[in-house]
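The values are calculated or read from the model by the stated rules, or taken from the named source; none is laboratory data. Everything numeric in this text was worked out from a predicted model, so none of it was measured. Note that each Cβ is placed from the backbone with ideal geometry, even for glycine, and that neighbours are counted across all protein chains shown. Surface accessibility is based on the protein's heavy atoms, side chains included, excluding ligands, DNA and RNA. Shrake-Rupley method; radii C 1.70, N 1.55, O 1.52, S 1.80 Å.
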Amino acid sequence: MKVDIDRIRAGAAGAEAASFLLPGQQALIHEQGWLKMLAPRAAGGAELPLPQVVRLEEAIAEADGSMGWVVTLCAGAGWFAGFLPPETAREMIETPNVCLAGSGAPTGFADKEGDGYRITGRWDIASGAPIATHFTLNAVVRGEGEERIRAFVVPAAQVVVEPTWRSFGMRGTASHSYRIDGAWVPASHGFTIDPACATSPGTLYRFPFMLLAWVTLSANLSGMARHFLQLAQEVVAARRQPPASAHEVLAQAAVALEGARERMLALLDQAWAQAEDATSVAGGASGISSALDTQLREASMALVIAARRAVGDIYPYCGLRAAQEDSDINRVWRDFHTASQHALFCP
């Protein structure tokens, strides 16, 4: 899958002004099949190897943070199809312009009713909400004895989107809240995110969910930071009298960021290889050693820290141009600082 950087960036400012991805950007996402790249092949998805997906998501985020984030979060929700009953997964993924948005917080209830569940609640921060055909959520199940948390997928026709996203960056993600007022869904719309409960046999669905979240989200921040450094080079070069140390600081920041990036990607490749080996032998657990799991999580956080440091070190050298809201570098700066506040990366 090729990333058309020029086409993506051509719509970035317009998406920010509109506070959602523009029709042309949406069309590109669907043309490329990016929202199906983690869904099972048997359901109509591409089921791409995770290392390939992470590199692609980084490249999209480097072109534009909002588009990269929407693709990452919504494609990530498409991964859940590997844990749904095959018929339900196929029906969902074959929906025209399918897009799954959602939230992981268990801020609703699912009451057992007949052969399904009646769902009520409100969930926050669903990136891509305006273009979603389905929403995923966690809810507290009632009516089956002891309460438990279960994941569900609900068609968008049963969901009300509330326009609550007011962040100073990542405006194009339209990460709104949504509510469900007593919608009934069949039991086949519930699922458990666990390798032992995967309904698709591929390696993707044996890969630990939290590890997948770490590598995909940190890659987005890496992409945005790389874009910021590119723009900073142009801004510094255009200054009438740039500080003598500016180019040295830029070079040091780029080297540190690339080093952290290469380490994370190398460990991801190792983890994927281990997962593939385990799938071919046992087909059950992820097969990723606990030591490598820890190393990859730490490397993902180290990449985020390197990205924060690079952006923070270079920003003072960019002058007032970087503070102007209508400049590309300011938009990327705001996008980066918004995305880096994701709960996964906060103390």
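Observations, loosely collected:
- Yes/no for ALA156 being closer than 29 Å to ASP64 by Cβ and either touching a strand residue (DSSP E or B) at 6+ places or on another chain (Cβ under 8 Å) or in contact (Cβ under 8 Å) with a residue 40 or more places away in the chain (or both): yes
- Every pair of residues 6+ apart whose Cβ atoms lie under 6 Å, when the first sits in the stretch 317-343 and is closer than 17 Å to SER19 by Cβ and at pLDDT below 95 while the second is open to solvent by 10 Å² or more (accessible area, probe 1.4 Å) and in a helix (DSSP H, G or I): none
- Tally of residues being among the β-branched types (Val, Ile, Thr) and open to solvent by 20 Å² or more (accessible area, probe 1.4 Å) across the stretch 89-113: 2
- Taken together, the criteria place ALA187 among residues that are touching a strand residue (DSSP E or B) at 6+ places or on another chain (Cβ under 9 Å), among the small types (Gly, Ala, Ser), in contact (Cβ under 8 Å) with a residue 12 or more places away in the chain and over 20 Å from THR107 (Cβ atoms).
- Within the stretch 162-194, the residues that satisfy the criterion of being crowded, with 17+ Cβ neighbours inside 10 Å and either modelled with pLDDT under 95 or aromatic (Phe, Trp, Tyr) (or both) are TRP165, TYR178, PHE191.
- Listed by first and then second residue, the pairs linking a residue in the stretch 17-39 that is more than 19 Å from ASP328 (Cβ to Cβ) and charged (D, E, K, R) to a residue that is at pLDDT 95 or above and buried (at least 16 other Cβ atoms within 10 Å of the Cβ), with Cβ atoms under 7 Å apart and 6 or more places separating them unless they lie on different chains, are LYS36/GLY44; LYS36/GLY45; LYS36/ALA46; LYS36/GLY78; LYS36/ILE93; LYS36/VAL98.
- Qualifying residue in the stretch 254-262 (condition: acidic (Asp, Glu), under 20 Å from GLY65 (Cβ atoms), part of a helix (DSSP H, G or I) and open to solvent by 20 Å² or more (accessible area, probe 1.4 Å)): yes
- In the stretch 290-326, the qualifying residues are those that are part of a helix (DSSP H, G or I) and acidic (Asp, Glu), and the one that is surrounded by the most Cβ atoms within 10 Å (Cβ to Cβ) is ASP293.
- Whichever residue in the stretch 114-154 is open to solvent by 30 Å² or more (accessible area, probe 1.4 Å) and touching a Lys or Arg at 6+ places or on another chain (Cβ under 9 Å) and, among such residues, is nearest to LEU73 (Cα to Cα): ASN138
- Residue count, the stretch 1-27 (criterion: assigned to a helix (DSSP H, G or I) and surrounded by fewer than 20 Cβ atoms within 10 Å (Cβ to Cβ)): 12
- Residue list for the stretch 36-46, filter: open to solvent by 10 Å² or more (accessible area, probe 1.4 Å) and within 15 Å of PRO96 (Cβ to Cβ): LYS36, GLY44, GLY45
- Residue match in the stretch 79-93 (condition: within 11 Å of the chain's Cα centre (by Cα), assigned to a helix (DSSP H, G or I) and of a type in the set (Ser, Thr, Tyr)): no
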